[in-house]
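Here is the structure we will look at, set down as structure tokens.
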Amino acid sequence: MFLSLLLDVLKKYWWILIVLAVFGWFYVQQQRMKEILDISNNSYRKQIDILKEYHVLELKEKEKLLEKYMQEKKLLTSKYLKAKKNLKNNKNKDIEKIIQEKPNELAKRIEELYGFEYFPYESFSINP
């Protein structure tokens, strides 16, 4: 009797079972998609955290290299300035040496380079 009553209800309301089955299937699919989305989001968050750590490490390495560069630049600049000063001093000493030891040779080189004619200072007299 119960079985016949159940069959009568099923014959009359079969479409309700199909609707419930479809909604159930959609609900299960929604839950699976939600799980997949959560897994994907967690994976992306982990990847972003790893990238942030690498970024921090790269920034630290960049700072170290920049500091090393600045030190090297400072050292090279000081060496350059010392060498420039020494070169200038040596040049001035060489010029003074040439002027004092070989004034006639200097005058001759100036005449050759610029076409001037050199008259020694001693050759000029104030009295006519």
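The values are calculated or read from the model by the stated rules, or taken from the named source; none is laboratory data. Fair warning: this is a prediction, and the values are worked out from it, not measured in the lab. Here Cβ is always computed from backbone atoms with ideal geometry, including for glycine, and neighbour counts include all displayed protein chains.
Of note:
- Test: residue in segment 72-88 that is assigned to a helix (DSSP H, G or I), surrounded by 10 or more Cβ atoms within 10 Å (Cβ to Cβ) and in contact with a helix residue (DSSP H, G or I) (Cβ under 9 Å, 6 or more places away or on another chain): no
- Residues located in segment 80-121, provided they are out of contact with any Asp or Glu (no Cβ under 8 Å at 6 or more places or on another chain) and aliphatic (A, V, I, L, M): Leu81, Ala83, Leu87, Ile95, Ile99, Leu106, Ala107, Ile110, Leu113
- In this structure, Ile110 does satisfy being surrounded by 10 or more Cβ atoms within 10 Å (Cβ to Cβ), at pLDDT below 95 and part of a helix (DSSP H, G or I).
- Applying a threshold of 9 Å to beta carbon distances and a minimum spacing of six or more residues, or different chains, the list of pairs starting in segment 16-30 at a residue that is under 25 Å from Leu6 (Cβ atoms) and ending at one that is surrounded by 10 or more Cβ atoms within 10 Å (Cβ to Cβ) and at pLDDT below 95 reads Leu17/Leu10.
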